[in-house]
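*Asks:* Handing you this structure, nothing more for now.
The values are calculated or read from the model by the stated rules, or taken from the named source; none is laboratory data. Being a predicted model, the structure only gives us computed values, none of them experimental. Positions of Cβ are backbone-derived with ideal geometry, glycine not excepted, and every protein chain shown enters the neighbour counts.
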Amino acid sequence: MERSHIGTFAETVIAGSRRRFPNPSLTTHDGRSVRFYDEFVRGRFVLINFAYTRCEGKCPRGLSVLLATRNLLAPSMGCAPGLATLTLDPDHDSPEVLGRYVATRGAPAGWTCLTGARADLEAIRRFLGFVDPDPRVDADRSQHGSLVAMGDDVRGRWQVASTQAGTRPLTQLALRTAGLWSARSPAAANACTSRRG
Amino acid sequence: MRSYKNGGILSRRDLCKLGIGVAGAAAVGKMLATRPAFADGLPPTPIRFTPFTRALPMPSVHQPVAPFSTDCKFTTTATPNFYTVHMRKGLAEIIPGVQTGIWGYNGQYPGPSFSSRSGTPDVVRQINELDVETSIHFHSGHNPSASDGLPYADLLIPAQVPGRPASFRDYCYPHQSPGFSTGEPDPNDNETTAWYHDHGTDITGLNVYQGLAGFFLVTDDLHDRLIASRTLPDPAFDVPLVLQDRRFNADGSLFYNPFEHDGFLGDVFVANGKAQPYFRVQRRKYRFRILNGANARMWFLRLSNDAPFLRLGTDGWLLPAAITQNRIFLGMAERADVVIDFRNAPNTVFLENIAVQDSGRGPAGDSQNPDTVVPGTPLVKFIVEGPAVANDATVTVGTLLRPNTPIEANEIVATRQFEFNRSEGAWQVNGRFFDENRVDAKVRKGTAERWILKNGGGGWWHPIHIHLEAHQVQRFNGAPPAPQNAFKKDTTLLGPGDEAEVFMRFRDFGDRFAAHCHNIEHEDMRMMFRFDVG
């Protein structure tokens, strides 16, 4: 499917329908300015979650599950798939703060923390449905630190789950999302790099 | 009660209530693109059509094939019927004049119906020619774990290598009365109006939405006698009717949003795979097996002439006696087996939905007193023709149908509580997400238990489906259940704050089974638990 930029959105296909995926400019924990969809989603398999460095409990636990899930996926995918963690607290989480946060976890390759304009981060959060219909609940950012979206942009398949489900269920779900149902599945060594431009 | 007022600027939803449909609104259609219909903010279906220009289709019926080699084993000596079903892509005209790609059993939407008989086993070979994993659940069936169509076990994975045959699985349906394994078969628990649908792990919502669902109708001696005696309408006047909602892209393809975790709603109302069809009927009694086959939409059904429904059954089972209902509320996966008497009907009658629902959270109001809009959205237009027929079916209020064998309190060996709640944007049971490797309840085969099904709050609605057997609702919010829910159910709808006490037997089959919310997006985000019988 042909994809093209439309302003801060990128056209893609999700569950068989053309969608406009938010593609704002964000800043990585190492200070790079990137377009979100182009850098992390386009043509790849990716894990996306939200967190913030001042979050205690659920965010660190969720990240631990996701980092462990990446490691479990590596043998099947040929690599540890990308994990993009977007901050829910952009006023505090500068690139420098995020950089230190990543360093405390050993800065594993393929894990990127991102900050940016609040409206841009919100656009991605809402697109992925990390939203509560109750405005009071939705305003509590700690409510959004447990979900993970996993998607294969080439296949157009996306799933969302709670990191509380645990490493093994998330790993199984990620493999199905990527089309890796069995040993007969086509080699997925390209899952971590763009398979389609 | 909220009344509908036709004034001011019409929203797309208002137009639907007038029976104009999306397409019929052509004259004011420019409003449509700028008036999102639902709280999700997604664009409404941009295709316009005139409703009631297509006839209500009847699902085709699966035909048996020559026996094939299978691993299915049955304890009965009856000769099984064999079927092969190909899950494949197909095209369907859902909106008049528009071809829509679907995933269907034999490429059809809705899937062909099974017409089976208690006592005669079925062997159904399901062949997955799609590029998504599937599992086929026999909803209301009493089947071995391996043929139940669990959401996690033995998924039918797509063919992985070009040229290799598609993966298949033989589902073995014994159609034996519950209790058969201990020499106490109870035909009172024979199901009548079942259905089959996809149950693939975490992807059931998409798979069912794309079309993987159909009826599984079962008859037995008692049911045959009710028809042969003209108590119930002849099969020629027995109509399976699945109600669903769908949303479309401009090119006619189905639109589905995997990021709508609260429950995905469509804005086009579909009956038997056709958007707002008409159905020509004689002036006589018709039986309708109404199934709520939607992912997250609940229907509150009413006839436009205010005629009552004669309720014959709930979910998979006939009631002990027919009752009358002016309106019928159906949660997802629930069924209503009804008779509509057209003998004195006007020339046009609409089946309407009077529920008010703008999001996957559920309808406005509560389960005891839902908000309504009257007149509602017309779903099916009945065109009533000819004089009243003679010698019509005799069923009426109080007609005896199928006796119920109550589960007695002294049979109960254990009580468990299951609370269904939202947690940080996802869905849990008893504070935990479904894990196929974790046994949440271990039940002793041949016993009965009391289960408390509790809505965890937040204003959400959860229809709770329990596999393996019917359950019997004892109390609903501390009071006796409504008459239509007082006998056998397989899906009990919990509105905000609701709590149901149910009794359930666990007979004949061991191993693993599941229970879950049938708001399919909730189910896909793991509002489910595993129970093992052994």
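*Asks:* Take the residues in region B:465-479 that are crowded, with 20+ Cβ neighbours inside 10 Å and in contact with a Phe, Trp or Tyr (Cβ under 7 Å, 6 or more places away or on another chain), then tell me which one is nearest to B:Ser423 (Cα to Cα).
*Replies:* The selected residue is B:His467.
*Asks:* Next question. Considering only region B:235-250, state which residues are of a type in the set (A, V, I, L, M), under 21 Å from B:Ile290 (Cα atoms) and either out of contact with any Gly (no Cβ under 8 Å at 6 or more places or on another chain) or modelled with pLDDT under 95 (or both).
*Replies:* Here is the first cut: in region B:235-250, the ones of a type in the set (A, V, I, L, M) are B:236, B:239, B:241-243, B:250.
From the residues that got through so far, the ones that are under 21 Å from B:Ile290 (Cα atoms) too are B:236, B:239, B:241-243.
B:Ala236, B:Val239, B:Leu241 - these are the residues of region B:235-250 that are of a type in the set (A, V, I, L, M), under 21 Å from B:Ile290 (Cα atoms) and either out of contact with any Gly (no Cβ under 8 Å at 6 or more places or on another chain) or modelled with pLDDT under 95 (or both).
*Asks:* Related question: Considering only residues of region B:409-429 that are surrounded by fewer than 17 Cβ atoms within 10 Å (Cβ to Cβ) and of a type in the set (Asp, Glu), which is nearest to the other protein chains (Cβ to nearest Cβ)?
*Replies:* Filtering first and then ranking leaves B:Glu419.
*Asks:* Right, here's the next one. So which pairs qualify, if the first residue must be in region B:345-362 and more than 14 Å from every other protein chain (Cβ to nearest Cβ) and in contact (Cβ under 8 Å) with a residue 40 or more places away in the chain, the second must be hydroxyl-bearing (Ser, Thr, Tyr) and outside any strand (DSSP E or B), the Cβ gap must be under 6 Å, and the two must be at least 6 apart or on different chains?
*Replies:* B:Val349/B:Ser304; B:Phe350/B:Ser304; B:Glu352/B:Ser304
*Asks:* Do you know which residues across region B:430-451 are away from chain A (no Cβ under 14 Å) and without any contact (Cβ under 8 Å) to a residue 40 or more places away in the chain?
*Replies:* none
*Asks:* Being without any contact (Cβ under 8 Å) to a residue 24 or more places away in the chain, more than 7 Å from chain B (Cβ to nearest Cβ) and of a type in the set (S, T, N, Q) is the filter here; which residues of region A:138-180 pass it?
*Replies:* A:Gln172
*Asks:* Give me the pairs, please: first residue somewhere in region B:400-418 and aromatic (Phe, Trp, Tyr), second residue anywhere and assigned to a loop (DSSP other than H, G, I, E, B) and surrounded by 13 or more Cβ atoms within 10 Å (Cβ to Cβ), beta-carbon distance under 9 Å, and either six or more positions apart or on two chains.
*Replies:* Cβ pairs passing all conditions: B:Phe418/B:Asn430; B:Phe418/B:Asp440.
*Asks:* Name the one entry in B:Asp154, B:Asp170, B:Asp131 that is more than 24 Å from B:Pro240 (Cβ to Cβ), of a type in the set (Asp, Glu), part of a strand (DSSP E or B) and not assigned by TED's automatic domain parsing to the domain that holds B:Arg512. Can you show your working first?
*Replies:* Working: B:Asp154 fails: part of a strand (DSSP E or B); B:Asp131 fails: part of a strand (DSSP E or B).
Testing whether each residue is more than 24 Å from B:Pro240 (Cβ to Cβ), of a type in the set (Asp, Glu), part of a strand (DSSP E or B) and not assigned by TED's automatic domain parsing to the domain that holds B:Arg512 leaves just B:Asp170.
*Asks:* Please state which of the following conditions A:Arg118 fails to meet, knowing it meets all the rest: (1) surrounded by fewer than 19 Cβ atoms within 10 Å (Cβ to Cβ); (2) farther than 30 Å from B:Gly459 by Cα; (3) away from chain B (no Cβ under 14 Å).
*Replies:* Failed condition: (2).
*Asks:* With respect to B:Thr204, determine if the residue is surrounded by 23 or more Cβ atoms within 10 Å (Cβ to Cβ), at pLDDT 90 or above, within 30 Å of B:Asp245 (Cβ to Cβ) and within 12 Å of chain A (Cβ to nearest Cβ).
*Replies:* Answer is yes for this residue.
*Asks:* Quick one: in region B:119-132, of everything that is of a type outside the set (Val, Ile, Thr) and crowded, with 21+ Cβ neighbours inside 10 Å, which residue is farthest from B:Asn188 (Cα to Cα)? Give the derivation first.
*Replies:* Of region B:119-132, the ones of a type outside the set (Val, Ile, Thr) are B:119, B:121-122, B:125-126, B:128-131.
Then drop every residue that is not crowded, with 21+ Cβ neighbours inside 10 Å, which leaves B:121-122, B:126, B:128, B:130.
Numbers: B:Pro121: 18, B:Asp122: 20, B:Gln126: 29, B:Asn128: 35, B:Leu130: 38 Å.
Only one residue tops the list, namely B:Leu130.
*Asks:* Filter region B:504-528 down to the residues that are surrounded by fewer than 24 Cβ atoms within 10 Å (Cβ to Cβ) and within 13 Å of chain A (Cβ to nearest Cβ) and list them by number.
*Replies:* none
*Asks:* Out of the residues in region B:138-194 that are of a type in the set (Asp, Glu) and more than 14 Å from chain A (Cβ to nearest Cβ), which is farthest from B:Asp224 (Cα to Cα)? Walk me through it before giving the result.
*Replies:* Restricting attention to region B:138-194, the residues satisfying the condition of being of a type in the set (Asp, Glu) are B:148, B:154, B:170, B:184, B:186, B:189, B:191.
After this cut, where a residue has to be more than 14 Å from chain A (Cβ to nearest Cβ) as well, the list is B:148, B:170, B:184, B:186, B:189, B:191.
On the way: B:Asp148: 26, B:Asp170: 28, B:Glu184: 22, B:Asp186: 17, B:Asp189: 15, B:Glu191: 13 Å.
Going through the qualifying residues, I end up with B:Asp170.
*Asks:* Among the residues of region B:480-497, count how many are within 23 Å of B:Ala426 (Cβ to Cβ) and surrounded by fewer than 19 Cβ atoms within 10 Å (Cβ to Cβ). Quick ask: steps written out before the conclusion?
*Replies:* Going through region B:480-497, the residues within 23 Å of B:Ala426 (Cβ to Cβ) turn out to be B:491-497.
Next, only the ones that are surrounded by fewer than 19 Cβ atoms within 10 Å (Cβ to Cβ) stay: B:496-497.
Summing the residues that are within 23 Å of B:Ala426 (Cβ to Cβ) and surrounded by fewer than 19 Cβ atoms within 10 Å (Cβ to Cβ) in region B:480-497 gives 2.
Listed here are the residues, each with its yes/no results for (1) away from chain A (no Cβ under 14 Å); (2) touching a Gly at 6+ places or on another chain (Cβ under 9 Å).
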residue	(1), (2)
B:Gly211	no, yes
B:Arg230	yes, no
B:Pro233	yes, no
B:Gly252	no, yes
B:Asn257	no, yes
B:Tyr278	yes, no
B:Phe300	yes, yes
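*Asks:* For region B:199-225, how many residues are under 16 Å from B:Ala92 (Cβ atoms) and assigned to a helix (DSSP H, G or I)? If you could, list the steps in order and put the result at the bottom.
*Replies:* From region B:199-225, those under 16 Å from B:Ala92 (Cβ atoms) are B:207-214; that's our starting set.
Checking which are assigned to a helix (DSSP H, G or I) leaves us with B:207-210.
Matching residues across region B:199-225 total 4.
*Asks:* Any chance you could count how many residues in region B:89-137 are within 14 Å of chain A (Cβ to nearest Cβ) and over 21 Å from B:Asn272 (Cβ atoms)?
*Replies:* Count: 7.
*Asks:* What tally of residues in region B:93-118 results from selecting those that are buried (at least 21 other Cβ atoms within 10 Å of the Cβ) and either hydrophobic (A, V, I, L, M, F, W, C) or modelled with pLDDT under 95 (or both)?
*Replies:* Going through region B:93-118 one residue at a time, the tally reaches 5.
*Asks:* Counting just the residues of region B:43-102 that are aromatic (Phe, Trp, Tyr) and assigned to a strand (DSSP E or B), which one comes out nearest to B:Glu129 (Cα to Cα)?
*Replies:* Per the criteria, the residue is B:Tyr83.
*Asks:* Does B:Ala364 satisfy being surrounded by fewer than 24 Cβ atoms within 10 Å (Cβ to Cβ), hydrophobic (A, V, I, L, M, F, W, C), out of contact with any helix residue (DSSP H, G or I) (no Cβ under 7 Å at 6 or more places or on another chain) and under 23 Å from B:Arg283 (Cβ atoms)?
*Replies:* No, not satisfied.
*Asks:* If you don't mind, another one. Out of everything in region B:367-387 that is of a type in the set (Gly, Ala, Ser) and crowded, with 18+ Cβ neighbours inside 10 Å, what residue ends up being modelled with the highest pLDDT?
*Replies:* B:Gly376
*Asks:* Read through the list (1) modelled with pLDDT of 95 or more; (2) more than 19 Å from B:Gln325 (Cβ to Cβ), then give the number of the only condition that B:Ala390 fails.
*Replies:* Every listed condition holds for B:Ala390 apart from (1).
*Asks:* Taking region B:274-295 only, how many residues are outside any strand (DSSP E or B) and surrounded by fewer than 24 Cβ atoms within 10 Å (Cβ to Cβ)?
*Replies:* Counting residues in region B:274-295 that are outside any strand (DSSP E or B) and surrounded by fewer than 24 Cβ atoms within 10 Å (Cβ to Cβ) gives 2.
*Asks:* Within region B:57-74, can you find the residues that are surrounded by 11 or more Cβ atoms within 10 Å (Cβ to Cβ) and of a type outside the set (A, V, I, L, M, F, W, C)?
*Replies:* Across region B:57-74, the qualifying residues are B:Pro57, B:Pro59, B:Ser60, B:His62, B:Pro64, B:Pro67, B:Thr70.
*Asks:* Restricting to region A:31-52, count the residues that are over 13 Å from A:Cys113 (Cα atoms) and not small (Gly, Ala, Ser).
*Replies:* 8
*Asks:* Additional query: Limited to region B:235-250, what total is found for residues that are in a strand (DSSP E or B) and more than 14 Å from chain A (Cβ to nearest Cβ)?
*Replies:* 8
*Asks:* Return yes when B:Arg402 is touching a strand residue (DSSP E or B) at 6+ places or on another chain (Cβ under 9 Å) and more than 30 Å from A:Ala161 (Cβ to Cβ) and no when it is not.
*Replies:* Considered against the rule, which asks whether it is touching a strand residue (DSSP E or B) at 6+ places or on another chain (Cβ under 9 Å) and more than 30 Å from A:Ala161 (Cβ to Cβ), B:Arg402 comes out as yes.
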